[in-house]
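Every read-out reported here was derived from the displayed coordinates using simple, explicitly stated rules and does not represent laboratory data. Keep in mind it's a predicted model, so treat the numbers as computed, not measured. Every residue, glycine as well, gets a Cβ built from its backbone with ideal geometry; the counts of neighbours run over all protein chains shown.
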2 protein chains.
Amino acid sequence: MTKRAIIAGSGSLPGLLLAGGPAKVVTFSEEAPDLPGAAGHIPARFEKLGKLFYDLSVAGVREVTFAGAMSRPSLDPAQLDAATAALMPRLMAAMGQGDDALLRDVMALFQERGFRILGAHDLRPDLVAEPGCLAGEALPEADVARARAVLDALGPLDVGQAAAAAKGQVIGIETLQGTDAMLRFIIDSAPGSGGVMVKRPKPGQDLRVDMPAIGPETIHLAAEAGLAGIEIAAGAVLMLDRDAVLDACAETGLSLWAAP
Amino acid sequence: MTKRAIIAGSGSLPGLLLAGGPAKVVTFSEEAPDLPGAAGHIPARFEKLGKLFYDLSVAGVREVTFAGAMSRPSLDPAQLDAATAALMPRLMAAMGQGDDALLRDVMALFQERGFRILGAHDLRPDLVAEPGCLAGEALPEADVARARAVLDALGPLDVGQAAAAAKGQVIGIETLQGTDAMLRFIIDSAPGSGGVMVKRPKPGQDLRVDMPAIGPETIHLAAEAGLAGIEIAAGAVLMLDRDAVLDACAETGLSLWAAP
């Protein structure tokens, strides 16, 4: 019996995690996902969390992993099952405090029902980096220090996961729009300036459900922006996937390091 | 005898300051500037600061105002006069510490020779705002607070003068590329999200030579980005010029406030 389930959002992560061992796949749609390795599909609705918990238990699932981007659901009140209806005041309160609070509360619901939450890196430890050089050459130290200082300063504000500096000057700070948007900003406004991007979790970010990620597109955008390299936090930034990221580094000449 | 001189860089500020009273105009070029109100032109070279101090003294100038953007000079060592040659070690050291340090040192040179440095707002107090509403309606308080918090956090790092937030989320943080580049980023990546931009000096910024500024282009870009309004620091952000800025607010419907 498969005791793991992956609660699958969009993107490549659910598929990559299935390579880490057998798991059932939960999606918030009737349609079975295009995930060949799945040990069965459990369709779910946000309005029927009671049914989802029941289906998971019947299937013998004890461990769940949230994987991939999920958009905030629109709920049809007529569809609510009894368990979900009873949870609505609590879920609505969490929703009012933002996406992070909602996610934390949904995780708590699973834990209260005895499920263990595993992070993506628990299923695929190879998707995060060990400390040290992953590709290329040493990064300009002053720029790394400057970008880190920006993230340190903004940490308590829960703003962004990435910052970039070149020649000692800050040329990009991630905001709501994300890392790729920041890199496109640098491509448009400060091309070819060299420098470094640092990406790492925000303080207090729950890595089991919300780990920063980079992919080959990140590497290509950083190279197009003229950066010399990227520093990620060892063990705390997903490479989606590792081979594709390292291939992109080899192709572009971008350096990639993982800081302890 | 006119005892004031404006050390004129590019942009509209030198012309606006001449409306505040008669002044000689110093430019780092042989060509007389197209500034009808000028009470005489003093051409200067960065390599001949000794000659500039002499010319200013002969002209009776006691007060100088730095106005408009000046690019970092490229110096021809063969052209150095004796006074400037003696100052080179000091100027080179300041240059190595960045533009702000260089500017502070150039100001100190003028002060050591007995010149008084006046800010643009000393010549034209109407170019900065009194506290309160300049145009439009009340700004969304949560977004103002969020943008201010970002600037507070980054203050010690000397990064940018502006930040923008919408619906409680940070959508733009000014970096080396400046305020307009940040607004273009929002136009590209988060259009129509509403919200507010806050612009104010960085802690320790010398307002006599380096005051933040907004112009009608800033207002139009902010409106194009879908922002509801802008908050500037009263007495500490130049409006270039005030009428054009307020006209742009009226035209776009953007709100503009000055925080005490």
Practice task
Every other copy gets compared here: list the nm distances from the B:Ala138 label point (7 Å along Cα to Cβ) to its counterparts, shortest first, one decimal.
Solution key: 5.7
Problem - Förster-model FRET efficiency, 22 Å R0, B:Ser57 and B:Asp126, C-beta, rounded to 0.05 - result: 0.10
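Go ahead and run the numbers for FRET between B:Ala19 and A:Arg113, Cβ-Cβ distance against an R0 of 51 Å, rounding to 0.05.
0.10
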Completion exercise
Computed over chain A, the relative contact order (Cα-Cα under 8 Å, seq sep at least six) in percent reads 17
Completion exercise
A:Ser12 and A:Ala145 label points (each 7 Å along its Cα→Cβ direction) are spaced in nm at 3.6
Handout entry: Label-point gap, in nm, between A:Lys3 and B:Asp100 - each point 7 angstrom along Cα→Cβ
Key = 5.7
Handout entry: Helix-only CD estimate at 222 nm, as mean residue ellipticity for chain A, using -39500 (n - 2.57) per DSSP H run (n ≥ 4)
Key = -11000 deg cm²/dmol
Fill in the blank from the handout: Connecting every pair of Cα atoms under 10 Å apart in chain A and solving the GNM, the largest mean-square fluctuation among A:Leu16, A:Leu157, A:Leu240 falls on A:Leu157
Practice task
Could you please state, rounded to a whole Å, how far the C-alpha centre of segment A:3-46 is from the C-alpha centre of segment B:6-59?
Solution key: 71
Exercise for the section: With r as the distance between the Cβ atoms of B:Asp243 and A:Met88 and R0 = 51 Å, compute the FRET efficiency 1/(1 + (r/R0)^6) and round to 0.05. Expected result: 0.40
Practice task
Please go through the residue pairs A:Lys167/B:Lys24; B:Lys3/B:Lys199; B:Lys167/B:Lys202; A:Lys51/B:Lys167; A:Lys167/B:Lys3; A:Lys199/B:Lys202 and name each one whose alpha carbons sit more than 31 Å apart in this structure.
Solution key: A:Lys167/B:Lys24; B:Lys3/B:Lys199; A:Lys51/B:Lys167; A:Lys167/B:Lys3
Exercise for the section: Putting +1 on Lys and Arg Cβ atoms and -1 on Asp and Glu Cβ atoms, find which of B:Ala153, B:Ser255, B:Leu103 reaches farthest to the positive end of the dipole of chain B. Expected result: B:Leu103
Problem - Listed peptides A:205-218, B:167-180 by packing density, highest first (mean Cβ within 10 Å) - result: B:167-180, A:205-218
Completion exercise
Zone reached by a paramagnetic label modelled 7 Å from A:Glu217 Cα along Cα→Cβ, restricted to segment A:144-181 with backbone N below 20 Å, covers A:160-164, A:173-181
Handout entry: Rounded Å value of the spacing that divides the Cα centres of segment B:101-122 and segment A:136-195
Key = 33
Problem - Choice from A:Pro156, A:Pro203, A:Pro131 showing the highest fluctuation, given a GNM over chain A with Cα pairs closer than 10 Å - result: A:Pro156
Practice task
Taking a label point 7 Å out from Cα toward Cβ, give me the nm distances from B:Asp34 to the same spot in the other copies, shortest first, one decimal.
Solution key: 5.9
